[in-house]
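*Asks:* Please read through the structure below; I'll follow up with questions.
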Amino acid sequence: MERIVITTGELRKGLAIDLDDQLYYIEDYQHVKMGRGSAFVRLKLRNIRHGHITEKTFQSGEKFQRAVLDRSDVQYLYK
């Protein structure tokens, strides 16, 4: 599996990232800039292996490992 480092500015829906040694799929992405404080990013993440959804907040400019996954269409044939 190939990994690429990306920042919060490059995050988008549909990307897969490696966070805490788990693979997550970004379900929703929200960039929030409050008046005086620093900007932050709120992510809704789905664990690829278990299917659980979690929400996490990160400071703007934080770096992540992007996971490039191979996808293929398959067809199950039963006898």
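*Asks:* So what is the accessible area of the chain per residue, in Å², with the probe set to 1.4 Å? It would help to have the intermediate numbers written out before the result.
*Replies:* Details: 6180 Å² over 79 residues.
I get 78 Å² per residue for this part.
*Asks:* Assuming R0 = 30 Å, can you tell me the calculated FRET efficiency for the pair Gln75 and Arg42, based on Cβ-Cβ distance, to the nearest 0.05? The partial results should precede the final answer.
*Replies:* Values: r = 38 Å, r/R0 = 1.26.
Working from the Cβ atoms, E equals 0.20.
*Asks:* Order Val74, Val41, most accessible first, counting only protein heavy atoms with a 1.4 angstrom probe.
*Replies:* Numbers: Val74 105, Val41 0 Å².
From most exposed to least exposed: Val74, Val41.
*Asks:* Run the simple label-point estimate for Ile6 and His52 please: 7 Å along Cα→C-beta, distance reported in nm.
*Replies:* Reported label-point gap for Ile6 and His52 is 2.4 nm.
*Asks:* Heavy-atom accessible area of Ser38 with all protein chains present, probe 1.4 Å, nearest 10 Å²?
*Replies:* 70
*Asks:* Have a look at Gly51, Val74, Gln30 and report the one farthest towards the positive end of the charge dipole of the chain, computed about the Cα centre with Cβ charges (Lys/Arg +1, Asp/Glu -1).
*Replies:* Selected residue: Gln30.
*Asks:* In addition: May I ask you to derive the relative contact order of the chain, considering only C-alpha pairs under 8 Å and at least 6 residues apart, and to give it as an integer percent? Display every interim value, and only then the final one.
*Replies:* Numbers: 145 pairs, mean separation 28.7, N = 79.
Relative contact order of the chain: 36 percent.
*Asks:* I'd like the carbon and sulfur percentage of the solvent accessible area for the chain, probe radius 1.4 Å, heavy atoms only, ligands and nucleic acids excluded.
*Replies:* Working: 2800 of 6180 Å².
It is 45 percent, rounded to a whole number.
*Asks:* Can you give the accessible area of Glu10 in Å² (nearest 10), computed on protein heavy atoms with a 1.4 Å probe?
*Replies:* Glu10 exposes around 100 Å² with every protein chain in place.
*Asks:* Give, rounded to the nearest 20 debye, the magnitude of the charge dipole that the chain has about its Cα centre when Lys and Arg contribute +1 at Cβ and Asp and Glu contribute -1 at Cβ. Don't skip to the answer; put the middle values down first.
*Replies:* Numbers: 14 positive and 11 negative charges, 49 e Å.
Taking the Cα centre of the chain as origin, the dipole is about 240 debye.
*Asks:* Here is a further query. Let's test the formula: R0 of 25 Å, r as the Cβ-Cβ distance of Gln30 and Arg66. What FRET efficiency results, to the nearest 0.05? If you can, show how the numbers build up before the last one.
*Replies:* Details: r = 19 Å, r/R0 = 0.75.
Using R0 = 25 Å, I get an efficiency of 0.85.
The values are calculated or read from the model by the stated rules, or taken from the named source; none is laboratory data. What you see is a predicted model; the values in this text were computed from it and never measured. Cβ coordinates were reconstructed from backbone atoms using ideal geometry, including for glycine residues, and neighbour counts include every protein chain displayed. Side chains included, ligands, DNA and RNA excluded: accessible areas come from the protein's heavy atoms. Shrake-Rupley method; radii C 1.70, N 1.55, O 1.52, S 1.80 Å.
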